1. Pairs Lys27/Lys410; Lys27/Lys78; Lys3/Lys78; Lys93/Lys250: which exceed 30 Å Cα-Cα?
2. Tell me, which cysteines of the chain are without a disulfide-compatible partner by the Cβ under 4.7 Å rule?
3. Give me the orientation-averaged projected area of the Cα convex hull of segment 305-446, in nm², one decimal.
4. What distance in nm separates the two pseudo spin-label positions at Leu401 and Glu44, each 7 Å out from Cα along the beta-carbon direction?
5. Mean 1/r over all different Cα pairs, inverted: what Kirkwood radius does segment 156-238 give, in Å?
6. Among residues other than Glu28 whose Cβ falls under 13 Å from its Cβ, what is the net charge (Lys/Arg +1, Asp/Glu -1)?
7. Over the Cα atoms of segment 64-114, what radius of gyration and what Dmax do you get, in Å?
8. Quick one: Ile245, Ile277, fewest Cβ neighbours within 10 Å first, how do they rank?
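None of the figures in this text is laboratory data; all of them are computed from the coordinates on show. This one's a predicted model, so the numbers in the text were calculated from it and none came from an experiment. With ideal geometry, Cβ positions are generated from the backbone for all residues, glycine too; neighbour counts draw on all protein chains shown.
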Amino acid sequence: MKKTPHKVILTEDQMPRQWFNMRSAMKEQPDPMLRPDTLQPVTEADLAPIFCEELARQELDATQAYTDIPEPVLDIYKMYRPSPLIRAYDLEKALGTPARIYFKYEGNNTSGSHKLNSAVPQAYYAKQQGLSGVTTETGAGQWGTALSVACAYFDLSCDVYMVKCSYEQKPFRRAMMNVFGADVTPSPSMTTEAGRKILAENPGTSGSLGCAISEAVESAVGSAGGKRYVLGSVLNQVMLHQSIIGLESKLAMEQLGEYPDVVVGCAGGGSNLGGLIAPFMADKLQGKKNPRIVAVEPASCPSLTRGKYAYDFCDTGKVTPLARMYTLGSGFIPAPNHAGGLRYHGMSPILSKLYHDGYMEAVSYQQTQVFEAAVFFAKHETILPAPESSHAIKGAIDEALKCKETGEEKTILFGLTGTGFFDMTAYENYLSGKMTDYIPTDEDLQKGFDSLPKIPQNENI
Ligand SMILES: Cc1ncc(COP(=O)(O)O)c(C=O)c1O
């Protein structure tokens, strides 16, 4: 029998030339983003001081199914895309599962993760608009690194507010962003009003993505028009750009005569998962196929599995519009956790809606379980995974083990979003037995829920 190759890498000509908008396939749309002052849906004009014009348009456009990827963006994509779809033969063997496990590997670019797929178009549109630079937040540092790479390419300045605990844990991440010319500030900082307020209320805080977002938005809005804010996840525009992951995966699987029974991805703000599942979810929504879609999140920051589906601010300083999403409350500050990129209080409104309507499942794992899966995977598949990505590995392994019990030969696809080279302190902690697990108590969660905006839309949740 002909063996499926170890990997499929599409040719440059086969790489998709358009992004796909999952909202165009949804019968019921996510609730609109609201202005916090009027509680009316935001317009492109409202978003103009924060986002680039084209990105504001993409954010609000629910109907256009396909968007052409601009030629200069395709040019950089071709430096590291198409990315490989890999059959995890050795992992399957080690697990003794009859399942076929595939993963889409997004760590094969210098920045180390899928984040570059959205950093490139966001920097491109900023340049097109004649801006001098962009501001952003970064959790574990993957997004900030990706954005600094993209900004260097398009000759833009890049101001990164990096969650303080990651800044301290990962000096080389910061150094790498500096190599590409970014200016990196630990957040919360004294350089913004939002940072000073958060520090006054909670001086010992190790920071959170929500805090860093407040600072980055404030510094863009205060830049007298020269800069805009860009975000690496959560937003509809980011989901659109990341659809390249799923589109390539589907094409590569078609070449193998495969279609996934289960698609698994880690979920921080939802961008890699949203991108990976985009064409498969469209098939599901249109009744063509029925794959299971599984989101995996850390037990320490369980927005889908323990959050509320409510209108909330996207940041801790409450400077952003309100989005209806699964959230732990913008005031929730998770315990320092090694999967820094998954420490976000909310979730993409698109994924939240799909989860709420029963199209998606979610599970959560403790970080020691995740690192156990990461080390097992590394030994068998020769790739050192990022802690965030390792949540998806753990989810996929558990799906494969279920197949072992039932004898089902399912096809499992998961997203391997990045590499863990800058996460060696976390790996060392795990290997030396120093890593601890943390599950927030109901009281901890309640404190976060208490920070939800008291508006009519949230009355019955
Ligand atoms: C490697 C990696 N994977 C996954 C994520 C989670 O983000 P998202 O849910 O937007 O894909 C991050 C976030 O920083 C990351 O760095």
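1. In this structure, Lys27/Lys78 lie more than 30 Å apart at Cα.
2. Cys52, Cys165, Cys211, Cys266, Cys301, Cys314, Cys403
3. Over every viewing direction, the Cα hull of segment 305-446 projects on average to 10.3 nm².
4. 5.1 nm
5. About 13.3 Å, per the Kirkwood formula over Cα pairs.
6. Around Glu28, the surrounding residues sum to +2.
7. Rg, Dmax (Cα atoms, Å): 15.7, 45.
8. Final ranking by Cβ density, sparse to dense: Ile245, Ile277.
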